[in-house]
Amino acid sequence: MLVFAFRRLLQAIPILLGVTLVVFGLVHIVPGNPIDMLMPPEASPEIIAQMKAAFGFDKPLYVQYFLWLFRALQGDFGLSVFNATPVWGQLIAALGNTFILAILAAMVGFSLGIGFGMISALYHGRWPDKLFSALATTGVSLPHYWCAIVLVLAFAVMNDFLPAQGMGDDAEPLYNRLQYLVLPVVTLSLIPMGVIGRLVRATVLEILGQDFVGALSAKGLTRWPVIRHICKNAAPPVLALMGLQFGYLLGGSILVETVYNWPGSGNLLNLAIFRRDIPILQATILVLATFFVLLNLLVDIAQAAIDPRIRR
Amino acid sequence: MPEGINVKPILGEPVLKAEDLTVRFKRRNTDVAAVNGVSFALRAGETMTILGESGSGKSVSLKALMGLLPPYAQIQGKVWLNGRDMLTMPKAELGKLRGGAISMIFQEPMAALDPVYTIGEQISETIVQHEGISYTDAMKRALGLLEQVKIPSAERRLKNFPHEMSGGMRQRAMIALALACSPSVLLADEPTTALDVTVQIQILLLLRQLQEELGMAIVFVTHDVGAAAEISDRIAVMYAGRFVESGTVREIMKSPKHPYTQGLLSSTVHGGLRGRVLETIPGSPPNLAELPPGCAFAPRCRHVTDGCRSGIIPVITSDSGAMVRCVRATETVTA
């Protein structure tokens, strides 16, 4: 098991290096130059060249890549082209905000999804199945941003139950600040709830069709121990999907964060793209991609811990 | 009234007794009569084999006994285990019996064992469930059970997952699991079908030896005439959800009376038939959703008469307790 975990960890290194290449490459394929955007049209060519040199944009691409990689490995992502503040600080703040949303949305979405899926499968073909399957399908089918807008209209504009946007400021009492979370968390949890619910239902139904479930009853196990067996068997594929979904949530939904004006990583990315703020863009994508890889690594290890047949 | 199929208990009280067991699968458009009135009685230490082709209802009968059929299955009749009716008792009561006084082994041990728990965990969880002893004590018992079914280096095998064992080893582990709480009845659903021939013999011998040690009754379901001859005290031949003939091994193997039994025996490869043409039974088993009136075997039978296709087929019971369900039984006996 330890050997397996160590091997997977080593395998993650080339993947991460590949990620840095893609991140760097993609950002530079995008047309538009940050300096051109920043400088007034009447700026002299000398000043533009000077600025380019200051940010290192004058060097050949491969030199830029290695310089960037070398610094990034030391945690130095440079300065934002837009406001010349360190990228790292902005990134940490935005990621922190997205983390709060992602963790809450994952908790809500995953637990509802697992619950709905289990009930659907255990009551296969009867009314609870139809009800919860319909809910799950609705969850995956509704567009994020549309839900966000409808929720804002219903709970913030037409009724004044909840704040429409932002995340409040530190001066407000905790209870008030929690209210800012409700709408974005509900919106973000819909898709994880739907996809997890559908997968849990399908997986558990498949397991229920296997002989060993009958054999468990044949040896006298009662309902809950049997469900424990089913859960352990269903866990690997569900964990894999939860890893992916949590990765998406961490990336922060650009659309949802924009609708709710939530200062998270999605928002940061969105701004950076429009401002051609290459250092921010690179750092954000790299950190998110790294999270994604690490998350999937964790899922792999967890899967192997649960199902010995995966440890090969 | 039960439909008269009875294997008479000769000595002692039967541990397992079924009377007119009937199973129908009723769904929207179909009504499948899988088991149509099966009766038998089994005493401690006795082995009865239910012999039949695929789809004859033998596995369904076992699952009905254990209450393992899906909810849409309609089960009728009576099944007593040590004098208590299993079909009408509450689910919780039945749960205490299953894996306790009555347990079951399956055709595919790989499919019947949970792939993500070790053999030791699976055996001891059964013991904990039934006897409420500590997990550590249950593990010790599991070790003893693995040794009892002759699994080499049992200590290590306890920590193995099903996929880490060979087919024969898995079936031994399955048997150990079934014996965990000293059942008085063991239901064996084609336990040797999925195994290599050499391993089949080992498992049959093991079952016989364990039966001698533990004195349990075995219901052995198979389509393998050889396995049936090897392990049984009595054989009941099943066709289209009914017992068409039953009797001691000797009676069935030496002087089969029902044309189906005769066909089954003569279509089996064994040494005595060397040089002779293997016979087959023409046609295929009837559709259980549309059973013909009269004898279900009539369309495939070469001794068929008009009397076979209509009315009730008489059941003829001999003094020894052997039974045959055939219009022409009295003729074929002498034939």
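The values are calculated or read from the model by the stated rules, or taken from the named source; none is laboratory data. The structure presented is a predicted model; accordingly, all values stated were derived computationally and were not measured. As a convention, Cβ positions derive from the backbone with ideal geometry for all residues, glycine included, and neighbour counts pool all protein chains shown. Just the protein is used for accessible areas: all its heavy atoms, side chains included, with ligands, DNA and RNA removed. Shrake-Rupley method; radii C 1.70, N 1.55, O 1.52, S 1.80 Å.
Where does chain A land at 222 nm, in deg cm²/dmol rounded to the nearest 500, when only DSSP H runs of n ≥ 4 count, each adding -39500 (n - 2.57), divided by all residues? Mind showing how you got there, number by number?
On the way: 13 runs with 235 residues, N = 312.
-25500 deg cm²/dmol, from helical runs alone.
Sorted by accessible area (1.4 Å probe), largest first, how do A:Arg126, B:Arg172, B:Arg250 line up? Present the calculation step by step, with values, prior to reporting the outcome.
Details: A:Arg126 130, B:Arg172 35, B:Arg250 170 Å².
Descending accessible area places them as B:Arg250, A:Arg126, B:Arg172.
Any idea which of A:Phe155, A:Leu21, A:Pro173 is furthest toward the positive side of the dipole for chain A, if Lys and Arg beta-carbons carry +1 and Asp and Glu beta-carbons -1?
Farthest along the dipole direction, towards plus: A:Leu21.
What's the total accessible area buried between chains A and B, using a 1.4 Å probe, rounded to the nearest 100 Å²? Don't skip to the end; give the middle numbers.
Details: alone 16960 and 15710 Å², together 30770 Å².
About 1900 Å² of accessible surface is lost on pairing.
Extending each Cα 7 Å along its Cβ direction at B:Met89 and A:Leu162, get the distance between those two points in nm, one decimal.
5.3 nm
Using helices alone, I'd like the mean residue ellipticity at 222 nm for chain B: each DSSP H run of four-plus residues gives -39500 (n - 2.57), total over residue count, nearest 500.
On the way: 12 runs with 108 residues, N = 335.
Helices in chain B give a 222 nm mean residue ellipticity of -9000 deg cm²/dmol.
Enumerate the calculated ³J(HN,Hα) couplings along segment A:14-24 in order (Karplus 6.51 cos²θ - 1.76 cosθ + 1.60, θ = phi - 60°), each rounded to whole Hz, writing x wherever the residue is Gly or Pro.
Listing the rounded values in order: x, 4, 5, 4, x, 4, 4, 4, 5, 4, 5 Hz.
Antiparallel versus total DSSP beta bridges in chain B: what percent is that, nearest 5? Provide the component values of the computation, followed by the final result.
Working: 30 of 49 bridges.
The antiparallel proportion sits near 60 percent.
Accessible area, 1.4 Å probe, largest first: how do A:Asp160, B:Asp233, B:Asp85 sort? Walk me through the numbers before you get to the answer.
Details: A:Asp160 135, B:Asp233 70, B:Asp85 30 Å².
Order by accessible area, largest first: A:Asp160, B:Asp233, B:Asp85.
To the nearest 10 square angstrom, what accessible area does A:Thr187 show with a 1.4 Å probe?
About 0 Å², ignoring ligands and nucleic acids.
Quick one: with all protein chains in place, what share of the accessible area of the protein assembly as shown is carbon or sulfur, to the nearest percent (1.4 Å probe)? Each step should come with its number before you reach the end.
Working: 19230 of 30770 Å².
That share works out to 62 percent.
How far is it, in nm, from the label point at A:Tyr62 to the one at A:Ile15 when both lie 7 Å from their Cα along the line to the Cβ?
In this crude label model, A:Tyr62 to A:Ile15 measures out at 2.8 nm.
Tell me which residues come under 5 Å, amide H to amide H, from B:Leu187 once H is placed; ignore anything under 5 positions away on its chain.
B:Ser103, B:Met104, B:Ile105, B:Val219
Which cross-chain or sequence-distant (5 or more) residues have an amide H under 5 Å from the amide H of B:Arg84, H modelled 1.01 Å from N in plane?
Here nothing satisfies the definition.
Quote the FRET efficiency, to the nearest 0.05, computed for B:Asp137 versus A:Phe99 with a Förster distance R0 of 41 Å and r equal to the Cβ-Cβ distance. The partial results should precede the final answer.
Working: r = 46 Å, r/R0 = 1.13.
The value I calculate is 0.30.
Taking θ as phi - 60°, what are the ³J(HN,Hα) couplings along segment B:261-267 by the Karplus curve (6.51, -1.76, 1.60), each to the nearest whole Hz, with x for Gly and Pro?
Calculated HN-Hα couplings, in order: 4, 4, x, 4, 5, 7, 9 Hz.
What FRET efficiency would be calculated for the residue pair B:Glu155, B:Ser255, taking the C-beta separation as r and a Förster radius of 56 Å, to the nearest 0.05?
0.65
Once amide H atoms are placed 1.01 Å from N in the peptide plane, what residues at a sequence separation of 5 or more from B:Ala44, or on another chain, have their amide H within under 5 Å of its amide H?
B:Val15
With a sphere of radius 13 Å drawn around the Cβ of B:Val221, what net charge do the other residues whose Cβ falls strictly inside it have (Lys, Arg +1; Asp, Glu -1)?
The answer is -2.
For the protein assembly as shown, what does the convex hull of the Cα positions come to per residue, in cubic angstrom? Write out the running numbers ahead of the final one.
Values: hull volume 152.8 nm³, N = 647.
Residue-normalised Cα hull volume stands at 236 Å³.
Over the heavy atoms of B:Glu108, what accessible area does a 1.4 Å probe trace out, to the nearest 10 Å²?
Result for B:Glu108: roughly 80 Å² accessible.
Nearest 20 debye, what's the magnitude of the dipole of segment A:99-263 about its Cα centre given +1 on Lys and Arg Cβ and -1 on Asp and Glu Cβ? Walk me through the numbers on the way to the answer.
On the way: 9 positive and 8 negative charges, 172 e Å.
Roughly 820 debye for segment A:99-263.
What nm value, rounded to one decimal, do you get for the distance between A:Ala202 and A:Ala53 when each label is placed 7 Å out toward the C-beta?
5.9 nm
Please report the antiparallel percentage of the DSSP beta bridges confined to the protein assembly as shown, to the nearest 5. All intermediate terms of the calculation are to be shown ahead of the outcome.
Numbers: 31 of 50 bridges.
Given both bridge residues lie in the protein assembly as shown, the antiparallel proportion sits at roughly 60 percent.
Counting only other residues whose beta carbon sits under 13 Å from that of B:Gly120, what net charge do I get with K and R as +1, D and E as -1? Each step should come with its number before you reach the end.
On the way: positive: B:Lys140, B:Arg141, B:Arg156, B:Arg157, B:Lys159; negative: B:Asp114, B:Glu121, B:Glu125, B:Asp137, B:Glu147, B:Glu155, B:Glu164.
Net charge around B:Gly120: -2.
Under the Karplus relation 6.51 cos²θ - 1.76 cosθ + 1.60, θ = phi - 60°, what is the ordered set of whole-Hz ³J(HN,Hα) values for segment A:89-104, x standing for Gly and Pro?
3J(HN,Hα) across segment A:89-104, in whole Hz: x, 5, 5, 4, 4, 5, 4, x, 5, 5, 3, 4, 5, 4, 5, 5.
List the GluC sites (Glu not before Pro) in segment B:207-288 that DSSP assigns to loop (not H, G, I, E or B) and whose Cβ has at most 11 other Cβ atoms within 10 Å. Which are they? Numbers along the way, then the final one.
Numbers: sites: B:Glu212, B:Glu213, B:Glu230, B:Glu245, B:Glu251, B:Glu279; in loops: B:Glu279.
Answer by residue number: there is no such site.
Strictly over 24 Å apart at the Cα level, which of B:Lys58/B:Lys257; B:Lys26/B:Lys78; A:Lys219/B:Lys159; B:Lys78/B:Lys254; A:Lys130/B:Lys26 would you flag in this model?
Numbers: B:Lys58/B:Lys257 20 Å; B:Lys26/B:Lys78 20 Å; A:Lys219/B:Lys159 20 Å; B:Lys78/B:Lys254 32 Å; A:Lys130/B:Lys26 22 Å.
Beyond 24 Å: B:Lys78/B:Lys254.
Could you size up the charge dipole of chain B around its Cα centre, putting +1 on the beta carbon of Lys and Arg and -1 on that of Asp and Glu, and report it in debye to the nearest 20? Let's see the in-between values first.
Numbers: 35 positive and 33 negative charges, 91 e Å.
With only Lys, Arg, Asp and Glu charged at Cβ, the dipole is about 440 debye.
Could you grab the relative contact order for segment B:133-194? Cα pairs under 8 Å, six or more apart, rounded to a whole percent.
Details: 30 pairs, mean separation 22.0, N = 62.
Relative CO of segment B:133-194 lands at 35 percent.
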